Amino acid sequence: QAELYNHLEAQAQAVAPESLTIQEIHSHHFEIFAGNQLIAYITYDNSEFITQRWVVMVRGEEQFRHSTIARCLRYVEWHHKDGSLPTPLPAPIEYPEVPTVTEISFHDQELIVDGELVASIEYDHDNYQDLYWRVIINKEEIYRDTTPARCHSYVKQAYQQGMLPVQKPFEEPSATGNEIMVQIADECEKHGLELLEDGIYRGDEKLGQAGQDNGNWWFTRTDDATQQRIFCNSASDAVWFVSRAELPEGADFLNEYLQYHPLEQMPPVELKHLLDSAELTTA
């Protein structure tokens, strides 16, 4: 392996000592750089019945193949020197650094630039003509190849040349149905209530329901003939309103509410809502 790497370096220095460098990803995959620009990559083809197994690729497209890696390297050198290696866009003044590969697991990698995700590489168990590895951006597949290294090099080149779709910033997912139910169940337990599939119960008596839609908490009470959803600030509020034999008013409302909602534990939004409420003004 050391002899092979030294041979590749010697070839590169002999043809273009001023510019090209070779980065060995592993023994069957090499990236060729001119300065900080990834101009091509040389990879090995494991397919059956193939005699010319070394392949020159640019952005996922095969450009040349031969039985020796040295001839592939010379192809890259010659065509880089005469400007005939394919580049989809005019060269920028300065190419950005290539993304860094971070391995999450054997079947899942990420390419990162300045701490931000630009693409994910994942393994697909379904057989697509042995193209098991795929590039995912914004939950959509944009490219597929036989090895993760090929996918990595594809993303690096596409990123440098401005041809890669922009990954949307990560957004914290909203609470799932199970998480919502867990919060409601925890609050029910505090009040000695039971959460069943169709609502909140005290013994055999159904008191009402509570839930969350689009980040907004709500509750209904069985003693309300309209069964209209009433919005509130939290799961704690929703269960508390459902648990009351009847909704108190004025000072009674405030005193009872603060027994279960100490001021020092209230989030700012809930505290502001209370301070602005008619009940506090009446009290």
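The values are calculated or read from the model by the stated rules, or taken from the named source; none is laboratory data. The structure displayed is predicted, hence computed values, not measured ones. In this analysis, Cβ positions are derived from the backbone assuming ideal geometry, glycine residues included, and neighbour counts consider all displayed protein chains. These accessible areas exclude ligands, DNA and RNA; they are computed on the full protein's heavy atoms, side chains included. Shrake-Rupley method; radii C 1.70, N 1.55, O 1.52, S 1.80 Å.
Taking only alpha carbon atoms, region 59-211 gives an Rg to Rh ratio of 1.28, where Rh is the Kirkwood radius. Taken per residue, the accessible surface of region 29-90 reaches 49 Å², heavy atoms only and a 1.4 Å probe.
The distance between label points at residue 163 and residue 216 comes to 4.7 nm (points 7 Å beyond Cα on the Cα→Cβ vector). The accessible area of residue 106, taken with all protein chains in place and a 1.4 Å probe, comes to roughly 140 Å². Excluding same-chain neighbours fewer than eight residues apart, the lysines reachable from residue 168 by a Cα-Cα span under 24 Å are 139, 156. Restricting region 157-243 to chymotrypsin sites (Phe, Trp or Tyr not before Pro) that sit in a DSSP loop and have at most 10 other Cβ atoms within 10 Å of their own Cβ leaves 170. Using the Cβ-Cβ distance between residue 49 and residue 141 with R0 set to 22 Å, the FRET efficiency works out to roughly 0.15. These residues, 232, 188, go from largest to smallest accessible area, 1.4 Å probe, as 232, 188.
Modelled label positions at residue 108 and residue 94, each set 7 Å beyond Cα in the direction of Cβ, lie 3.6 nm from each other. Solvent-accessible surface of protein heavy atoms, probed at 1.4 angstrom with all chains present, puts 190, 206, 156 in the order 190, 206, 156, largest first. If R0 is 25 Å, the Cβ-Cβ spacing of residue 178 and residue 202 corresponds to a FRET efficiency of close to 0.60. Using a simple spin-label model with pseudo-atoms 7 Å out from Cα toward Cβ, residue 67 and residue 19 lie 3.1 nm apart.
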